[in-house]
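*Asks:* Below is a structure I'd like to ask you about.
Coordinate-derived values only; no laboratory data. Predicted model only: the values in this text are computed from it and were never measured. Every residue, glycine among them, receives a Cβ derived from its backbone with ideal geometry; neighbour counts consider all protein chains shown.
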Ligand SMILES: [Zn+2]
């Protein structure tokens, strides 16, 4: 057995993390994709309610319930500014206009 038989650190960093589904929060009024919610720990026993504000029309997304651990990402049209967690463990995400304008010009 080689003395150099070392486990690559990647094994530990990625333990329990999977490339799960993406849930895109869209504005309920103008339809712009606001937040990319990427589920990476579907077996993590936590439920989070999440909602995002729209930087284009001032409305917001519908509330989504996310099961498991997740990462939040930007979209082509928004960036993430801040997140506020209320007493009911609901996350409200503040966004700003991103790289591409909305509505999408074809
Ligand atoms: Zn909107």
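*Asks:* I'd like the FRET efficiency for residue 97 and residue 48, computed as 1/(1 + (r/R0)^6) with the beta carbon distance as r and R0 of 30 Å, rounded to 0.05.
*Replies:* Working: r = 25 Å, r/R0 = 0.84.
After rounding to 0.05, the efficiency reads 0.75.
*Asks:* Can you sort 47, 94, 87 so the residue with the fewest Cβ neighbours within 10 Å comes first?
*Replies:* Taking fewest neighbouring Cβ atoms as first place, the list is 87, 47, 94.
*Asks:* Report the label-to-label distance for residue 90 and residue 41 in nanometres (one decimal), using points 7 Å from each Cα along the Cα→Cβ vector.
*Replies:* So the label points at residue 90 and residue 41 sit 2.4 nm apart.
*Asks:* Which FRET efficiency, nearest 0.05, do residue 15 and residue 71 yield, Cβ-Cβ r, R0 22 Å? It would help to have the intermediate numbers written out before the result.
*Replies:* Numbers: r = 16 Å, r/R0 = 0.72.
Working from the Cβ atoms, E equals 0.90.
*Asks:* Rg(Cα) of the stretch 22-97 divided by 2.2 N^0.38 Å? Intermediate values should be presented prior to the final figure.
*Replies:* On the way: Rg = 11.7 Å, N = 76, 2.2 N^0.38 = 11.4 Å.
Relative to the rule-of-thumb radius for its length, the stretch 22-97 sits at 1.03.
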